[in-house]
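Heads up, the thing below is written out as structure tokens.
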Amino acid sequence: TYSVTVTDGKTQCTNTGKYVVKVRNLPNVQIESDPAICTNDNITLTANAEYNSYEWAYINNNGDTTKYTIGNGSQTFETSVTDTTTYVLTAFDGYCTNTGSKTVAAKPLPVIAIKEPIVCYGKKVIISVDRSRSKADKYQWPDGTENNTSWTSSNTLTTETNYTFKASLDNCWSN
């Protein structure tokens, strides 16, 4: 409570008034998000409560400390994550403004390296992983089987054939 006394210089009359100052708590701004994600995955960031206004921004954690504004007005924000990034939410509750932040780490995608297969006409092809150059912990071969070293075709080859397979690193699959 503050008291203010005013004195009239001519009449020397005084009057005192009291004013109660309400101190409001700052909004407890927090960002909720999906758990760890893979590089290039979409993620939805959500403010922990409803506020009057929102401003979303990010700061790359690659040494660039510039804050880039990326969205306004919504309690949620969806983005694609390509690197470890800190997201910042500035929220206004009608009286006070505060910020909250969350760092999201994008897990790396696998690196796939295959030893060049040599196939003779009428023989099956064997595709093997070059372990010295690959960064993956699991492979899914063209027939859907999974193992970590090699795959043998079920058919013999008589023409040039393309095979598609995927690799995974810490549950992040290649496309």
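Applying the selection to the stretch 4-26, what residues are part of a loop (DSSP other than H, G, I, E, B), farther than 27 Å from D93 by Cβ and not hydrophobic (A, V, I, L, M, F, W, C)?
Within the stretch 4-26, D8, G9, K10, T11, Q12 qualify.
From the residues in the stretch 79-92 that are within 20 Å of S174 (Cα to Cα) and outside any loop (DSSP other than H, G, I, E, B), which one is least open to solvent (accessible area, probe 1.4 Å)?
Looking at the filtered set, the residue picked out is T79.
Just need a number here: residues in the stretch 59-78 that are at pLDDT below 85, open to solvent by 60 Å² or more (accessible area, probe 1.4 Å), β-branched (V, I, T) and in a strand (DSSP E or B).
Selection size over the stretch 59-78: 1.
Can you name the number of the only condition in (1) open to solvent by 60 Å² or more (accessible area, probe 1.4 Å); (2) at pLDDT below 90; (3) farther than 30 Å from P27 by Cα that S174 fails?
It fails just one condition, (1).
Filter the stretch 146-157 down to residues that are under 16 Å from C172 (Cα atoms) and in a strand (DSSP E or B) and give me whichever is most open to solvent (accessible area, probe 1.4 Å).
Per the criteria, the residue is E146.
Matching residues to (1) in a strand (DSSP E or B); (2) surrounded by fewer than 11 Cβ atoms within 10 Å (Cβ to Cβ); (3) polar (S, T, N, Q); (4) in contact (Cβ under 8 Å) with a residue 60 or more places away in the chain:
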site: G94; (1), (2), (3), (4): no, yes, no, no
site: T103; (1), (2), (3), (4): yes, no, yes, no
site: P117; (1), (2), (3), (4): no, no, no, no
site: Y121; (1), (2), (3), (4): no, yes, no, no
site: S132; (1), (2), (3), (4): no, yes, yes, no
site: Y139; (1), (2), (3), (4): yes, no, no, no
site: G144; (1), (2), (3), (4): no, yes, no, no
site: T161; (1), (2), (3), (4): no, no, yes, no
site: S168; (1), (2), (3), (4): yes, no, yes, no
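Under 8 Å by Cβ, and 6 or more places apart or on different chains, what pairs join a residue from the stretch 1-30 that is touching a residue at least 24 places away in the same chain (Cβ under 8 Å) with one that is open to solvent by 90 Å² or more (accessible area, probe 1.4 Å) and not aliphatic (A, V, I, L, M)?
If the second residue must be open to solvent by 90 Å² or more (accessible area, probe 1.4 Å) and not aliphatic (A, V, I, L, M), the pairs left are R24/Y95.
Please verify whether the stretch 154-170 includes one or more residues that are modelled with pLDDT of 90 or more and among the charged types (D, E, K, R).
yes
When the stretch 77-106 is examined, which residues are found to be at positive phi and in contact with a Lys or Arg (Cβ under 6 Å, 6 or more places away or on another chain)?
none
Determine which member of the set V125, V129 is farther than 22 Å from K107 by Cβ, out of contact with any His (no Cβ under 7 Å at 6 or more places or on another chain) and of a type in the set (A, V, I, L, M).
Criteria check complete, one pass: V125.
Suppose we keep only residues that are open to solvent by 70 Å² or more (accessible area, probe 1.4 Å) and of a type in the set (A, V, I, L, M) within the stretch 22-35. Which one would you say is farthest from E50 (Cα to Cα)?
V23
Any residue in the stretch 36-57 that is open to solvent by 30 Å² or more (accessible area, probe 1.4 Å), at pLDDT below 85 and under 25 Å from W173 (Cα atoms)?
Yes, there is a match, as at least one residue in the stretch 36-57 is open to solvent by 30 Å² or more (accessible area, probe 1.4 Å), at pLDDT below 85 and under 25 Å from W173 (Cα atoms).
The values are calculated or read from the model by the stated rules, or taken from the named source; none is laboratory data. The structure displayed is predicted, hence computed values, not measured ones. So basically every Cβ, Gly included, is an ideal-geometry build from the backbone, and we count neighbours across all protein chains shown. Side chains are part of the model used for accessible areas, which takes the heavy atoms of the whole protein and leaves out ligands, DNA and RNA. Shrake-Rupley method; radii C 1.70, N 1.55, O 1.52, S 1.80 Å.
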